Each structure stands twice: as structure tokens, then as C-alpha cells.
1. Does the stretch 106-119 contain any residue that is in contact (Cβ under 8 Å) with a residue 24 or more places away in the chain, surrounded by 24 or more Cβ atoms within 10 Å (Cβ to Cβ) and over 15 Å from the mean Cα position of the chain (by Cα)?
2. Look through the stretch 244-265, keep the residues that are assigned to a loop (DSSP other than H, G, I, E, B) and within 15 Å of the ligand (Cβ to nearest atom), and return whichever of them is farthest from GLY201 (Cα to Cα).
3. Would you please name the residue that is farthest from the ligand (Cβ to nearest atom), looking only at residues in the stretch 52-69 that are among the aliphatic types (A, V, I, L, M) and within 20 Å of TYR6 (Cα to Cα)?
4. List the number of the failed condition for TYR6; all other conditions in (1) within 21 Å of the chain's Cα centre (by Cα); (2) over 20 Å from ILE282 (Cα atoms) hold.
5. If we scan the stretch 154-168, do we find a residue that is over 21 Å from LEU134 (Cα atoms), of a type outside the set (Ser, Thr, Tyr), surrounded by fewer than 18 Cβ atoms within 10 Å (Cβ to Cβ) and touching a residue at least 60 places away in the same chain (Cβ under 8 Å)?
6. Filter the stretch 227-275 down to residues that are closer than 19 Å to SER37 by Cβ and either hydroxyl-bearing (Ser, Thr, Tyr) or touching a Gly at 6+ places or on another chain (Cβ under 6 Å) (or both), then give me how many there are.
7. Are any residues in the stretch 48-66 within 17 Å of the chain's Cα centre (by Cα) and surrounded by fewer than 18 Cβ atoms within 10 Å (Cβ to Cβ), and if so, which ones?
8. Can you work out which of the residues in the stretch 169-212 that are hydroxyl-bearing (Ser, Thr, Tyr) and buried (at least 22 other Cβ atoms within 10 Å of the Cβ) is nearest to ASP235 (Cα to Cα)?
Amino acid sequence: MSLPLYQAPGLNRRKVGDILITMLSDGYLDVSFELLSGIEAVDAENILSLHNASRLPRININVYVIQTRERTILVDGGAGGINGWGNRLPVALAAAGIDPLQIDTILLTHAHPDHVGGLAGPQSTPFFPNVQQLFVHQNEYNFWTNDTIRSGAPDDFQPFFDLATNMFSAYDEKLVPFTHEDLLPGISAVPMPGHTAGHTGYLIANKGQSLLIWGDIVHFPHIQIDQPKVTIAFDSDPGAAASTRSRILDRASSENLAVTGMHFNMPASGLIERTGTNYRLIYDTWSPALI
Ligand SMILES: [Zn+2]
């Protein structure tokens, strides 16, 4: 008998009023701290050590399923194995007892490969064929489908356009490009431009409880929450990404708002605490109780 090669599926649930959120790990991708601007690699490692976190430059990838009375909603789709990244979403969904055929709605935070690679296969084959609506911010859709922007982008960025447009055509008639914030019962869009043109978070609120899924506000949670000015090479407008991060951290800390994101170190949520002029992330610990 051979031993498994992978970590067990990563799952964590929480409730927001009557809405159930399942946080799922799609795996990870390994990068380098050289991708960060505004901090030296050694200082990035020191921040992780201060939080008793691994010093590896490893970015975890998370995906969310939101189950309301009316809908089963997938928020992003993980990397789908692109460049060897992620692709643990199918086993995580199976472990959670969620059939991909149940998914009827997709909310997209943005169209980078580690968020859309798991939504469609080659020749625009949808991996979630029963989806009736895929919501994406109008500015995000416009960016990836604009031929002028694409022809002005560097060569190594072209595969990003291939993946995004392949995914958009997989869900062609189901696409709902939006500009308003009131999306679905209990779910509103929160514009967070900077990382990409139409980068968007989703605020889930029901019966006095709430959770903000903030997409890629951070890629290295402890580092960029401690030092919000630190940006990453994937940011399309680093200055806007940093100011959006500061604005959202200010809001989350002052409203005591539970937050979670695609690159949190576990499929977990947490709280943001202000520490003088900066912030820190306090992860929720895993609990066997669904409260
Ligand atoms: Zn990402």
C-alpha cells in the first residue's frame, strides 16, 4: 500500500446567519519574496517568524462555496493545475459533499490564473456546467476582453489573457458584468480596484452577522497586513492596490468585520486588529462546532 502524496483536503465552515460558507483549499503556489516591492526578503521572513508562521514564500489558494436558501455559489475557482499550481478544489469539494453540478452561480473576484484556472478546461469547457450566472465586475471583464490592452501587454502576460478569455467564453451567455453593489440577497459587491482593474470583494451579511471575502487584498497575509504598503508584481496598479488595502484594513478593524481571502494561510477567516499605525491579522482557530 502506498502512502498519499498530498495533504488531506482542507475545509472549514462558518455560518453567517442562515448562510453557510465553506472555505476550501485549492493548494498553493511557490514564488519568491523578490516579487514583493517595499520590503526586503529578510524583513519579510522576519515578519513571518514574529507570527510563528512558515518563512517559505508559499502562497496558499482558497476557494469558497456560499450556500443560501436560493443558491449554491462558488467564489472563484482556484488555479486548476495551471503551471502546477493548486488543483485540489475537486477533492476538497468532494470531501465537503458538494457536487460540482450543484453550483448554480459563480462570483469572480478577478480573472487572474490562480482564480479562474479551475473554472474551465481547454476549448472553453465549463467545469461547472449548471452555472446560470457568473458575476464579474464590468471593469474586470472590459480589461481582459480589450484587444488594445492585450496587444500592449508584455509577451509573458499573454497566457493570462488566454486563460481569462477561455473562461469567459466557457460561461458566455451566463456572464453578468456588473457595476452595482447590491448583487444577491445577503451578498453585496465591494469594489477593491488596484490589484486588477475590477478586483472585487464580496460582503455576506445575514441576521446581524457578516463576513467579507476580500479576494487578493493580501498575497502574504501577515506581511501585507503588518505593512500595507508592500505590493506584489501581480498588482496592475500597485499604488491603487496599496491604498485600497489600507482603506479595507481600516474598515475591517473599525467595524470588527470578519474577513477571509483567497491567499489566507489556511482556509480560514480572521479579524483585523489595529496596532497603533498598523494592523495585525488574528486567524480564527479551527473549531469542531459550526456556530
Ligand atoms: Zn491571486
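Please treat every number below as a calculation from the coordinates, not as lab data. Note that the coordinates shown come from a computational prediction; the quantities given were computed from them, not determined experimentally. In this analysis, Cβ positions are derived from the backbone assuming ideal geometry, glycine residues included, and neighbour counts consider all displayed protein chains.
1. no
2. Residues of the stretch 244-265 that are assigned to a loop (DSSP other than H, G, I, E, B), as a first pass: 256-258, 261-265.
Pick out the ones that are also within 15 Å of the ligand (Cβ to nearest atom) and you get 261-265.
Values: GLY261: 9, MET262: 10, HIS263: 13, PHE264: 14, ASN265: 18 Å.
Filtering the stretch 244-265 for residues that are assigned to a loop (DSSP other than H, G, I, E, B) and within 15 Å of the ligand (Cβ to nearest atom), the one farthest from GLY201 (Cα to Cα) comes out as ASN265.
3. LEU56
4. If we test TYR6 against (1) within 21 Å of the chain's Cα centre (by Cα); (2) over 20 Å from ILE282 (Cα atoms), just (1) comes out false.
5. no
6. 10
7. Applying the first criterion (within 17 Å of the chain's Cα centre (by Cα)) to the stretch 48-66 yields 58-66.
Passing the criteria: only ARG58.
8. Going through the stretch 169-212, the residues hydroxyl-bearing (Ser, Thr, Tyr) turn out to be 169, 171, 179, 188, 196, 200, 202, 210.
With buried (at least 22 other Cβ atoms within 10 Å of the Cβ) added as a condition, the list becomes 171, 196, 200, 202.
Working: TYR171: 26, THR196: 6, THR200: 14, TYR202: 19 Å.
Selected residue: THR196.
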